[in-house]
Structures are given as structure tokens and as C-alpha cells.
1. How high is the FRET efficiency between Arg176 and Glu462 when r is their beta carbon distance and R₀ equals 41 Å, given to the nearest 0.05?
2. Quick one: Debye curve from the C-alpha atoms of segment 24-158, no solvent, what's log10 I(q)/I(0) at q = 0.21 Å⁻¹?
3. Between Trp701 and Ala652, what length comes free when the chain is fully extended (0.36 nm per residue of separation minus the Cα-Cα distance, one decimal in nm)?
4. What net charge do the residues around Lys340 carry, taking every other residue with its C-beta under 12 Å from that of Lys340, with Lys and Arg at +1 and Asp and Glu at -1?
5. In the structure shown, do any of Lys160/Lys334; Lys365/Lys482; Lys277/Lys334; Lys286/Lys559 have a Cα-Cα gap over 29 Å, and if so which?
6. Tell me which aspartates and glutamates have Cα within less than 17 Å of Lys547's Cα, excluding those fewer than 8 residues away on the same chain?
7. Please list 3J(HN,Hα) in residue order for segment 89-104, calculated via the Karplus relation 6.51 cos²θ - 1.76 cosθ + 1.60 where θ = phi - 60°; whole Hz, with x for glycine and proline.
8. In nm, what is the difference between 0.36 nm times the number of residues separating Ile289 and Glu38 and their Cα-Cα distance?
Amino acid sequence: MKKVAFIAVVLGLGLWCFCQKTQADMTDDYQRLQQRIEDALLDIYEGNLSPQTARELSRAWLAVDADLDSNAARSLVVRDFSSGSAEDLAAKLGASRSLLQQIAALEMLENQRAGRAAQAQAWRVMITLPQFANADDGGLLLHQPPEQARQPGVTEALSKEYISWEVARTRQLLDRLQRAIANGDVNEAFLRGNLSEIQALCQFPEPILQAAGIKNGPSAAWMPFPALAEPYNSDASVARLAAWREKIEATLPNLLKPADVTRLQRLLVRFVNVVPKEYHNGVEGKGNIVIPLEYQEAVQFTQQAQGLVNELSPIWRRDLPAQYEKHHAELVGKLATLAKQIDRVEDLPAIESTAGEAGGILENKFGLSARRAGDKGQIVEETAFDVRDALNNSLAAAQAGHWQEAESLRLDAYTSFDSEIETRVLPRNPALATRTERSFIDGAGAEPGIKALLDRAAPMDELTAAYERALRNMEECVAILKVSISPATVGFTAFTIIAREGLEAIVVLAALLAGMRAEEQKGTRRWVSSGAWLAIGASAVTFWLSKTLIQSLSRYGEKLEAVVSILAVIVLLMVTNWVFHKFYWVGWNAKLRSLSKASQNAASERWEWLALLGVGFLTVYREGFETTLFMQSLLLEGSVWPVVIGVIAGTAFITAIGLGIFKFGAKLPYRKLLVVTGLLVVSIMVTFFGSTVRLFQTVGWLPIHPIPWLSFPTWAGLWLGLYPSCEGLLIPPLALVYVAGAWLWVKFSSQRATPARQPAPIKGRISYPVGV
């Protein structure tokens, strides 16, 4: 038995060694053919083609053929290199590059289905990856136990992974060819080789498409090459290549899900928007690159924006045919112009203008946005989660030696941070926003940024420290954004507005009813009171309608908040008008009294009730409408519960005042109450002006000029609306300047004018205030 066991072990070891040798031979044959193809292409480009090249290529292909298990892979083997010119040979070699990729994929799937995971992984490793590709998912699938690794689900996942790689490589090869032609760096052999490689790469074998579950996809039949003539960088040649590219793009399989399309479209707008910013940081004047890393970021963002446009073009052609037909060519042209301007290191205004035009096409014509839609608190949390996830995966990729993948994930994290978090933090704390941004890129001083370390493949301890700094800075940014305004400030503001507007309505209504005390005017008082109650109901309906309208426009995010906030600022100015303008009381109350008297003296009693109802309604609804608008702004800027608490407290205060006046006939110091509540309104104006300025800066409607040496504690922004920028310091106090200036102007004007006779107070238990 021992002898039998020994023989079995020896045979097993021998079989294992044979398999390892066979796998090593297969890898050597494949890599030898790849290298021979590259050498032959280089010889053609240099004009040093050897007569032995064709025979050597044929022998190398035969060696690979002997290693193949799949009949589909064997059908792709190139067996004849003997005929034709050097340009014809370049075309065959270009196609051979792509055919080797298809063969490796077919062999990977063949071995995976047969349960030979090691061989499948060996073939997978030989597939040339596109730039920034993620290669981890498929590798993990093949490292499962044998029975799990051969499942149909793994076959489908590997097929889709391969197709996504080659679709990306096709677009990258097209980008490279278009840049080379635009720069005039091509000859006939180079052109034929690249066109053939692209054409062969996008012709996916049917077994791969079937394994990926792609049925009835677009036809990838061999297309005639574009008729390009020297000079190859002429407008006509560039246009013909672009048209050929569109035909190629139409044949590429689409594996994008709706969520992927949304993410890529958002990423595209982010790339375009961030180009001028990175260019500004890296370039001074014309042709003077001061920070190469920032300049390269601008180059990279532009190239990736062009790649995303190409990737999304088939989707737009299908889903947005009208926009695609009208604006796609213009968008492609703007991005091409932007790339040329950056390459020539032109002045910043030219870059900003072209990038702005490209961004305008994306946002205004295609309806895209760099921002997520929805509640801003939820957006910040989701973005922070995405940034954390991307940075953690980027660090893991760097630790595994996948530097391109690490850079791609860092780029995703940075653009997400820049568009959703940095723009919100910058008006509040410019120093923190800038420090966090730098931690993603080049860093500062003794603390280098992530990109700078990735570019030089820094040691893991330095990289880990850089990632931790970036995450720590971002968490500080998120903490600042969790509260737009202090909840106490929101509650206090809601109480103040309710108390002020409600008290004003009560005083005016009491002044009107004071002249209707007689028993025969009981019906008149009832109609006026009914109008007031109707106005309260109408105010509630107005609140509901405005809330519904705002929710329907929620996709506009902070832009909607900015618009509502400026309307609320107007309401604040109207509310404080009584402080310096006597007409606010005399004129408005006189109109209401005259309307009331006219309704009582009406010839027809049929319409008298309607006029009286209108008097009561106008008295209260004017204040209710202003309150409704202001509450919507508070709900957008703060959370719900502080507003609710403030409204409840203000309502309780007004209810007590109303009961004291109308039920018990109490005599209260109305003028003093109005003065106190008015001063409270003035006190919150600075805070509200400050938050409105911050919103305008967040959406880009107002510039930001940070004051680097100035730093405010968080409570200064939450309670006072003051932020460390020129706009954040100068604009909010202008509210007080306006109130004080208007009050002084009215006082000065009234002293110069002839004093007018004051109207006599209404007889009764109360008189209405006539000013300050």
C-alpha cells in the first residue's frame, strides 16, 4: 500500500510539474508574439523592415496556436504575413494586436468553464488593460473554490469585465489617434496600423457576447477606413475620422445601467467645471507653468471629459436624439479647442471662456448637472460616503501595486469632493476647504498630497498618512456642513417672525374693530372677523402650495434656496419698514378704514358682507403671506423641528395677545410690543443676510474672496451669519446700514417738511400706533 501511495504521489507531482511547464510555455509564447508584433511595427515606422519578419511572425503565431484549447480562439489565428506592402503589413500587425486580446479572453472563458481556474487566470493576466481599469473583481472570482469558480455567473461576470475593458481601450485608442492626427504626427503605416487595431478590437467574438448575455447587439461588420489624405491634420481629414469614429461607437456594446449613465454624466460636468480651477492653480499668465502637477490635472480632466463624451454619445443618440443632433458636434469641438488651448498654455480667460461654453452646452442643452438632486444634508452624507469609499479603495489599489487604478479612484474622490462638499465649505471656511483640496493633490509643506505621492509610487507609510489626512480634513468639512444655521437661531427667527407679523395683524384688526363697538354693528364685526379667520386658512393653503412648488423644484438644490432666501430678505426689509416710515401705519390703516366705511355705507346690502369680509381678509393675509414665504426659506436653510418649535411658541404668544384684546378687552402696550418685536427682526437680519450671501457663493452667483489670515469660530457663522471672506464680512452689516440710513433719511426729511396734521385716534378702548 505504501508503494502504491508513493507512486500516486510521484505521478501527481509529475502531472503538476507538467501543467506548470505547459502554462509557462503558453505565457512565453504569447508574450514572445506580442513583442515580435511591436518590433515589426517599430521597424515599419522607421523604414527598417527585414525580409525575415513575415516568416518570424508566422512561426510565433503557430506557437501560440499550439497552446490554444478553444476552437473559437483558433479561428482568429493569423497565418499569412507574406503579401502586400509595408502599409498592408502594418494593418495586419495592428489587427493582430487586437486579435491576441480576443484570443486571451476566449481561452480565459474556456478554461474557467472547464474548472481550470489557474489557467484561466494566466490567460486573463495577459489581457492588456485600459488606463485606470479595475482588475480586482474578476481575479477574486477566479480565486474561489473550483466548483464556485466554474459557475455560469462567473462566466458572465468575466465576459462583461472583458467587454468593458476593450470598449474603454477602443475609445482610448481612438482618442490617441485623433490627437496624433490633430498634431500631424502620423504617416500612412501608423494610420493603417491603428485603424486596423481599433476595427479588430471592437469586433467581439460571438461566444464572448453570448457569455455576457448580449443579444441582438449592434453589428460590428468591417467598415471601410475613412478616406484620409495628406496633410492628415487637415479639417477634412479630421472630420472624416470623427465621422468614422461615430460609426465605430455605434457598434460598441453598452453595459451601462441607468445609474451608471447618471454618474458618468455628473462626472463629465465636474471634469469640465474643474478644468479652469486646476489651470488657474498651475499656470500664471501665458506659457508660464508654476505648478506642473496642477497643470497636468487640467490636462487629465480635459482628456477624461473628452473620453466621457465619447462613452456617453451612443446613450445620448438613443435617449436625447434632438440634443445630440444639434449640440454634440459643437460640444466635441469646444472640448477639442480647450485641449489645444491648454496644450499651448494660453491665458486663463481663454480657458475659462471655452470651458464655460462647454459646460453651458452640457447643463443648458443636455440638461446635465454636476450636483446630485435632493436634500442637501443627504447629498453631503452620500458624497462623503462615496469619497471615503473611493479613497479607501484607492489606497488598497496602491498597496497592491495598481498605481493607475489608485489614481483613477483618487480622481473620482477628488471630483466628488470638489463639486458637492468643497463648494459648500468654501464660503464658510476658505482655509479648511483649500487645505482639504490640497490634501487630494500636492499637499503643502511637509505634508505631501495623495496625487504627488502616487505619481512617485511613494512608500506605503507616507501614502497611508496622506490618505488619513485627506479623510480627516474631509470629516471636518462634513461636520461644518451638518448644520447650516444654529437650530436655536432657526427657532428664534421663526418665533420672532410669527410674533412680529401676528402682533401687527392683531393691532391693525383691533384698530378697525374699535370703531365698531355698537350693538347694531355686531354683524359688521362678525364679517370682518370671518375674513380674518378665512385669511388664516388661506395662509395655511398658501404655505402648502408653496411647499409643494418648492418640493417640485428640489432638483435645483441650493439655487432654489438662494432664490427663496432673497425673497425672504425682501420680506425682512418690508417687516422693518415700520421702524422708519410712518406711512406704513397711517397709509395702510387709513386704506383699510376707508374700505370698511365704504362697505358699511354701501347702497346695496347684497355686497356689503363681501366687502367687510375682504377688509378682514386683507388685514391678516398680508401678514400671513409674508410669514409663509419666510418660513419656506427657514425650512430650506434649517431643519424642520426648530422651525416647528419656533412657530408653536410664536403662535402661543399671539394667541395670548389676541385673547387678551378681543375676549377680555385688555389694554396692552401695543407700541412697545411692536418696537420690541421690530428690533428682534432687525437683529436677525444680519444672520439671514449672511446665510443668503453664503448661498449665493455656493451656487456661484457671487464671487468668493477669502481672507487667508482671518479665522472665525463656527458659531460666528451659525449665530451672526459672518464668514471669513470679503463678501461674508461686508454684505451682512449692510442690512443694518440700510435700516439706520432709511430711518435717518425719513427723520431728516420730516424735519424739513411742513408738519402734517396727525389723524385723530379712533374712539374706543384702543388706538392704533402712528409710528415711532
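The values are calculated or read from the model by the stated rules, or taken from the named source; none is laboratory data. The structure displayed is predicted, hence computed values, not measured ones. Quick reminder, even Gly has a Cβ in these numbers, built from the backbone with ideal geometry, and neighbours come from all protein chains shown. What goes into the accessible areas is simple: the full protein's heavy atoms, side chains included, and nothing from ligands, DNA or RNA. Shrake-Rupley method; radii C 1.70, N 1.55, O 1.52, S 1.80 Å.
1. My answer for the efficiency is 0.80.
2. -1.18
3. The span from Trp701 to Ala652 would gain 13.7 nm if fully extended.
4. +1
5. Details: Lys160/Lys334 33 Å; Lys365/Lys482 33 Å; Lys277/Lys334 17 Å; Lys286/Lys559 34 Å.
From Lys160/Lys334; Lys365/Lys482; Lys277/Lys334; Lys286/Lys559, over 29 Å: Lys160/Lys334; Lys365/Lys482; Lys286/Lys559.
6. List returned: Asp375, Glu558, Glu561, Glu626, Glu637.
7. 5, 4, 5, 5, 5, x, 5, 4, 3, 6, 4, 4, 5, 5, 5, 4
8. Details: separation 251, 0.36 × 251 = 90.36 nm, distance 3.51 nm.
The span from Ile289 to Glu38 would gain 86.8 nm if fully extended.
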